[in-house]
Each structure stands twice: as structure tokens, then as C-alpha cells.
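Values quoted throughout were computed directly from the atomic coordinates according to the rules given, and no laboratory measurement underlies them. Keep in mind that this is a model prediction, so the values were computed, not measured. Positions of Cβ are backbone-derived with ideal geometry, glycine not excepted, and every protein chain shown enters the neighbour counts.
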Amino acid sequence: MINECSSPALGAILQTAKRIIGLIGIIAPILLIVMASIHLIRLLKDPDDKKAMPKLRNSAIAAMVLFFIPTIVNAFMYILDDSFTVSACWNSANKVSYTSQYVEVTDGKKKTFYSDPGDYEKGEKKPTYSPGTGSTGYNPGETIDGTAQQYGDVVWDPNDVTKISNLTSAQLIAILNAHGGKAKNFIPYASTLITTEQKYHVNVFFLIGIEALESGWVTSAISRNCNNLGGVRESKAHPSNGCGRNAGGGFAYFNSPNEFIDYHGSMLHTNYLTPGGKYYNGPTPSGVVVKYCPGCTSWPGSVTSIANSLFKHVKEVM
């Protein structure tokens, strides 16, 4: 149980337990107060009733104990915190949605995410992989501008995504706000995105392009429940913990989107964008996709389109 604390199944159990204890802390004292009131009325009617006083006292004590149970349990878990894995999960149980989600597909059917993910990955039905037909803003058949763009010091070059954008986190937030819609879902992670860009030399427009495409702008079940914004596979360092799988394997669980973004930048830099890396095929979206998503022919165009749509707002905020 301790090792699987971060899994959605255990998270749901702990979340339910917290709710039950919270209800007990409210309902039980009310019932006991009612009982105590009944004993008090009996005692007022008959001061010589020897049984009424002990019952009144016991009801009052029990009500106080039950009222403070949730506070005591939560305080105890807070003291343990990260020194005990279940307590860390307990403390964050209400912050994450652990319920089984559904992934929408083009034919209108729904498929349970955890119990039977089947061929569904990244919110898309794999045999007809056409990213961006909805949430990403990419229209199939659209001509993609793959030329380098620069405004002031801000750079986006789809021919070399290792060139950093030179944005600050404040400027990125302004761009995401200007873009509007689901792009705002990335605002809480702007600082981490810029830090990751500078740390690993992965252009932030490209990084967001991938993560927006793969996660549907942080709306897919894997991104919401497993903090996996890029369809990254499980590993020893990041096991699946119930995040689903398909024919290619299981999907990794991350403790937070910020942890994923740092990992994603490191992975892209080391394996895909550095000459000699095991998946290196050039520092372009077309080079990355060869091993990142084999057979996904529209992936480079979709990622580039998203990056272009973000870059268009640079002039508005600079």
C-alpha cells in the first residue's frame, strides 16, 4: 500500500475516507447533542433520576471527541507528511481528481480510462491519429509556416528547436493570456516551462506545442490524473501506478505537472535533440517525431501550428 500510495485507486480510497471521517465529525456530534438534550430534559423533569446525569455526561464527552476526530487525524497525517508515504497521499487526496475519467473519441463513444484504455492514447483514437482537429486548433490540410520567426529578442525556429525563446515567465504568461481559451491551463506552469527551456535548451514554443497536442491543452485523462502531459511511457523512475496502457506499454505517473515538464525537457534534450542521442534525427519536429510518435505523420505540423499560434501573440505583449 505504501509503495502504491500515488496510484489513482488508493488516492480514491483515501479521498473517500477523508469525506467519511469529515461527515462523522459533523453528523455524529449532532446526534449525540440531540441525545444529550433528551437526557437533560429528563433530568430537569426528575432531578433524582440517577441514570440521566451519567448519560448526559457521556453524550457530551462523546460529542466532543467525535467532533475533533477529523482535526486529530489530519494533524497526525500532517506531522508525518513525507516521512510516511500514505500520509503524503492523504494530505493531497483532495487536490487531485482520482475518479475514473472518460476519453472522448470521434465516433461519440466513451471508453473507461483506467479499466480498459485499449487503443486510446493521449485522448486520440490511434488508428486515425489526427491531432488538433478540436482542442489544438490545427486543421488537417492546413499549410504550416515552418520558417524561423523573431520579434525583438524572442525566437521561434522550427528548423532548430534547441534555440531558446528568450522569454521571461511573465512574458509567457502574457502570451498564454492573449492566446486565451485552454492555453491558460499552462499559466500555472509558466515559470517551470521557462526554467526547463533554459536548463535543457528546448524552445518553450516547441515544448508547449508537444504538451498541448498530447494532453489536449491539459484536459486529457492522463494529464489530469497522472500529470503526464506528453504521453510519456512508464519507467523504473516513473511507474504507471494505474495510468493506463496500450499496445506500446504503460503510461508514466508524475507527482505534478511541474515534475513532468522538467523530466520532459531533460528527455527531449538528451534523447531527441542532442547529436549522438539514442533517438536523434535532427533538431526539428519532423526529426523528433520519428521515434517520439512513429507513424504520426501530422504530428510535426500540429506541434508547429500550435507554436506558431502562440508566437503570433508576442507582438501584443512585448
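A few comments on the model shown:
- Spin-label model distance (nm) - THR219 vs LYS199, 7 Å beyond Cα toward Cβ: 2.9
- Available extension along the chain between ILE187 and ASN255 is 22.7 nm, counting 0.36 nm per residue and deducting the alpha carbon span.
- Ordering LEU229, LEU31 from the fewest to the most neighbouring beta carbons within 10 Å gives LEU31, LEU229.
- Nearest-0.05 FRET efficiency for LYS236 and THR162, computed from C-beta distance (R0 35 Å): 0.80
- Simple spin-label estimate for ILE20 and THR297 in nanometres, 7 Å along Cα-Cβ: 5.4
- Computed FRET value (nearest 0.05) for SER266 with ALA75, which takes r as the C-beta separation and R₀ as 41 Å: 0.65
- Rounded to 0.05, the FRET efficiency of the ILE27 and ASN58 pair, given R0 = 22 Å and the Cβ-Cβ distance, is 0.75.
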